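No lab work stands behind these numbers, since they all come straight from the coordinates. Worth saying up front: this structure is predicted, and the values here are computed from it rather than measured. Positions of Cβ are generated from backbone atoms using ideal geometry, with glycine treated the same way; all protein chains shown enter the neighbour counts.
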Amino acid sequence: MTDRVAALIQKLTTTHRLTLSEYTELIQNRTPKAAAELAKRAVKVRQEIYGNTVFVRGLIEISNICKNDCLYCGIRCSNPHADRYRLTPEEILACADEGYSLGFRTFVLQGGEDPFFTDKVLCSLIGNIKEKYPDCAITLSLGERSRESYQRLFDAGADRYLLRHETANETHYRKLHPSTMSLATRMKALRDLKEIGYQVGCGFMVGSPYQTAETIAEDLKFIEEFQPDMCGIGPFIPHKDTPFAGEAAGTLELTCYLLSIVRLIHPPVLLPSTTALGTIHPSGREMGIKAGANVVMPNLSPVTVREKYELYNNKICTGEEAAEARDRLASRIRSIGYEIVTDRGDIKKERN
Ligand code: SAH
């Protein structure tokens, strides 16, 4: 590691910010030593805020029907090979019942932009889950909706919303999405969600086609300014029925490096070690935690639909990442010195 990189890491640790060109430099000149130093510091600040706890969320993939056509995504509307499904509100409630008994206190409802899930349907579903489990948080990850819709869902009881910004660079955004979508709309949705009062998550894929050190620097700058409560960062993994079928996947190494940087930019952030990270490497999730992540999101969807929610190929869904294997997951997490807790797992803004 050069003195210059060491100085950048020191500056990032103390000021929680770098300039765009400094972020670019930190990414371009990374070495295993720099990664180890960043991880050590990231783990230290996370420890000061969250101790050795790792939060879990029960992920319920409510539908793979989507009106969008994101070029990277396996459930894009123009993929005729996707085997489409939609859970009924009763099935979703049954997943929450199972999740509650397994010790989950946050349910994440994620899905494609499926017109079936109107405000009316969702508000009634959210109300039912909240009525039955008032001690649980509900996170939504259902894409772009109007501000009025976000407000209604919040009023019905939703606590958090995950909407990855995908890339903070306009030109890059256009290369990943159809012309009907825009970075401006995405950013407006994120601002709306924050103003309404949600705990908000942004995020991006690592190694998506056309990504460069400069575009990643813009992602980091955006995170620094937006101060999200949550941030989803996982490797891009190609899906065979998308225009990006032949592209390379993102790496474990760069994903972990960026997890550490994001932890240092915004120490209290809730940072998942993603399923995608667990998919590209058998101990990817543990490595993400060792780099500074503090959340895992096991799959609570009915086993029959898990393979159909195929954003990318070879998605893991029946090993320790399955919610019903919470004990096995807990012992894997314990083996690296952390403890899974039965808790809503809200962001902690003050240090212990
Ligand atoms: N429709 C919702 C949920 C999308 S799926 C929304 O728009 O927010 C959640 C995330 O999966 C996406 O934000 C994207 O970053 C990620 N994803 C999609 N395709 C992927 C792929 N091929 N590899 C890795 N991650 C992918």
If neighbour count is taken as other Cβ atoms inside 10 Å, put 204, 154 in order from fewest to most.
154, 204
Report the extension gain between residue 248 and residue 101 in nm, rounded to one decimal, defined as 0.36 nm multiplied by the number of residues separating them, less their alpha carbon distance.
49.0 nm
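Could you work out [θ]222 nm for the chain from helices alone, using -39500 (n - 2.57) per DSSP H run of at least four and dividing by all its residues? Round to the nearest 500 deg cm²/dmol.
That comes out to -13500 deg cm²/dmol.
Does region 1-77 come out rounded, prolate or oblate, given a ≥ b ≥ c as the square roots of the eigenvalues of its C-alpha gyration tensor, rounded meaning a/c under 1.5 and, failing that, prolate meaning a/b above b/c? Present the calculation step by step, with values, prior to reporting the outcome.
Numbers: a/c = 3.13, a/b = 1.63, b/c = 1.92.
The shape class here is oblate.
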Hey, fewest Cβ within 10 Å first, where do 251, 274 land in order?
251, 274
For region 69-150, whose charge dipole is built from +1 on Lys and Arg Cβ atoms and -1 on Asp and Glu Cβ atoms, the candidate among 124, 141, 92 with its Cα farthest towards the positive end is 141
Applying 1/(1 + (r/R0)^6) with R0 = 51 Å to the Cβ-Cβ distance of residue 90 and residue 44, what FRET efficiency is obtained, to the nearest 0.05?
0.65
Quick one: grab Rg to one decimal and Dmax as a whole number for the chain, Cα atoms only, in Å.
19.0, 58
Would you calculate the separation in nanometres between label points at residue 327 and residue 210, each defined as 7 Å from the Cα along the Cα-to-beta-carbon direction?
4.9 nm
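About the Cα centre, and with charges only on the beta carbon of Lys, Arg (+1) and Asp, Glu (-1), how big is the dipole of the chain? Nearest 20 debye, please.
Around 620 debye, computed over the chain.
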For the chain, what is the percent of antiparallel DSSP beta bridges, rounded to the nearest 5?
5 percent
Tell me the label-point distance for the pair residue 83, residue 16, using the 7 Å Cα-to-Cβ offset, in nm and rounded to one decimal.
4.6 nm
FRET efficiency for residue 147 and residue 1, Cβ-Cβ distance as r, R0 = 56 Å, nearest 0.05?
0.80
Quick check on packing: order 215-225, 8-18 by the mean number of other C-beta atoms within 10 Å, highest mean leading.
215-225, 8-18
Where a label projected 7 Å from the Cα of residue 191 along Cα→Cβ would reach, residues of region 218-233 with amide N under 13 Å:
226
Packing-wise, with mean Cβ within 10 Å as the measure, how do 241-247, 320-326 rank, highest first?
320-326, 241-247
